[in-house]
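A.B. asks: Here it is, the structure, as structure tokens.
The values are calculated or read from the model by the stated rules, or taken from the named source; none is laboratory data. Bear in mind that the values here come from a model prediction, so they are computed numbers and not experimental data. Cβ atoms come from the backbone with ideal geometry, glycine included; neighbour counts cover every protein chain shown.
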Amino acid sequence: MLGLQFETETSWAEIAKDNLEQILTDHAFLEQKAASNAVSVIINYSEETELVKEMSNIAIEEMQHFKMVHLLMVKRGMILGREQKNDYAIRLQKFFHKTKDRTNALVQRLLVAALIEARSCERFKVFSENMEDEELSKFYNNLMISEANHYTIFLKFAREYQDREIVDKKWNDLVAFEAAMMKERGNSARIHG
């Protein structure tokens, strides 16, 4: 369904469980960054009415997720740590060459966002299925569904702004790049680590 070419090993879930405060901090800031990305798309492509509507919904939902993660941390006596650079997203953003073509830039941005959502969805699934903590298992299962929805929205819009064949080629190339990158990961308590 997600089209990913690399599956996360369950050993990553063990690392995440052993460093719960770190993984929750990382997750909280990823939700905030996802909301910021949606707002940035609105600002930069304000003339695209349907896109603005969907990005507004996503921005609100991502901030709700941030709040949910933070409240879960507070409930468990944890403190939101400091934000750390997300080298995963940075590397994905650098995959595409910079372009002055607004439509092409938008499609590239939507594809990167779709892939980040797809990988988050996959990681949340692995985490929820390998969690003895019923509250966290249910929490991540519910978020997994939301991430899958965001993935489909970003990919759908990318395909609306450019020829489907061109977009699918870009998508497949990006997914292959990400799969190679993910083979080096899975050893840190970060959602994309």
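A.B. asks: Where the second residue is surrounded by fewer than 15 Cβ atoms within 10 Å (Cβ to Cβ) and of a type in the set (D, E, K, R) and the first is within 20 Å of Glu134 (Cβ to Cβ) and lies in the stretch 64-81, which pairs have Cβ atoms under 9 Å and are six or more apart or on separate chains?
C.D. replies: Within 9 Å, the pairs are Leu72/Glu135.
A.B. asks: Next up: Checking Asn172 against (1) at pLDDT below 95; (2) surrounded by fewer than 18 Cβ atoms within 10 Å (Cβ to Cβ); (3) in a helix (DSSP H, G or I): exactly one of these is not met. Which one?
C.D. replies: (1)
A.B. asks: Considering each of Ala28, Ala35 in turn, give the residue that is within 16 Å of Ala113 (Cβ to Cβ), assigned to a helix (DSSP H, G or I) and of a type outside the set (Phe, Trp, Tyr).
C.D. replies: None of the other options fit; the residue is Ala35.
A.B. asks: If you don't mind, another one. Just to be sure I understand the filter: pairs with C-beta atoms under 7 Å, separated by 6 or more residues or on different chains, first member in the stretch 144-166 and of a type in the set (Lys, Arg), second member surrounded by 15 or more Cβ atoms within 10 Å (Cβ to Cβ) and at pLDDT 95 or above. Which pairs pass?
C.D. replies: Arg159/Val167
A.B. asks: Sticking with this structure for a sec: Answer with yes or no whether Asn86 is over 26 Å from Ile43 (Cβ atoms), surrounded by fewer than 20 Cβ atoms within 10 Å (Cβ to Cβ) and out of contact with any strand residue (DSSP E or B) (no Cβ under 7 Å at 6 or more places or on another chain).
C.D. replies: No; evaluated as a whole, the condition is false for this residue.
A.B. asks: If you go through the stretch 100-110 one residue at a time, do you hit one that is surrounded by fewer than 19 Cβ atoms within 10 Å (Cβ to Cβ), touching a Lys or Arg at 6+ places or on another chain (Cβ under 7 Å) and touching a residue at least 40 places away in the same chain (Cβ under 8 Å)? Quick ask: steps written out before the conclusion?
C.D. replies: We begin by selecting, within the stretch 100-110, every residue surrounded by fewer than 19 Cβ atoms within 10 Å (Cβ to Cβ); these are 100-105.
If we keep only those that are touching a Lys or Arg at 6+ places or on another chain (Cβ under 7 Å) too, we end up with none.
No, that holds for no residue.
A.B. asks: So if I check each of Glu147, Glu83, Glu132, which one is on the phi < 0 side of the Ramachandran plot and assigned to a helix (DSSP H, G or I)? Let's see the steps before the verdict.
C.D. replies: Numbers: Glu83 fails: assigned to a helix (DSSP H, G or I); Glu132 fails: assigned to a helix (DSSP H, G or I).
None of the others qualify; the one that does is Glu147.
A.B. asks: Could I ask something else about it? Select from the stretch 1-46 the residues that are acidic (Asp, Glu), surrounded by fewer than 21 Cβ atoms within 10 Å (Cβ to Cβ) and under 23 Å from Glu62 (Cα atoms) and list them in ascending order.
C.D. replies: Within the stretch 1-46, just Glu21 meets the criteria.
A.B. asks: Exactly one of (1) assigned to a loop (DSSP other than H, G, I, E, B); (2) touching a Ser or Thr at 6+ places or on another chain (Cβ under 7 Å); (3) of a type outside the set (Lys, Arg) is unmet by Gln5. Its number?
C.D. replies: The one condition Gln5 does not meet is (2).
A.B. asks: Out of Leu71, Leu106, Leu110, I need the residue that is modelled with pLDDT of 95 or more, over 19 Å from the mean Cα position of the chain (by Cα) and either assigned to a helix (DSSP H, G or I) or among the small types (Gly, Ala, Ser) (or both). Which one?
C.D. replies: After ruling out the rest, the residue left standing is Leu71.
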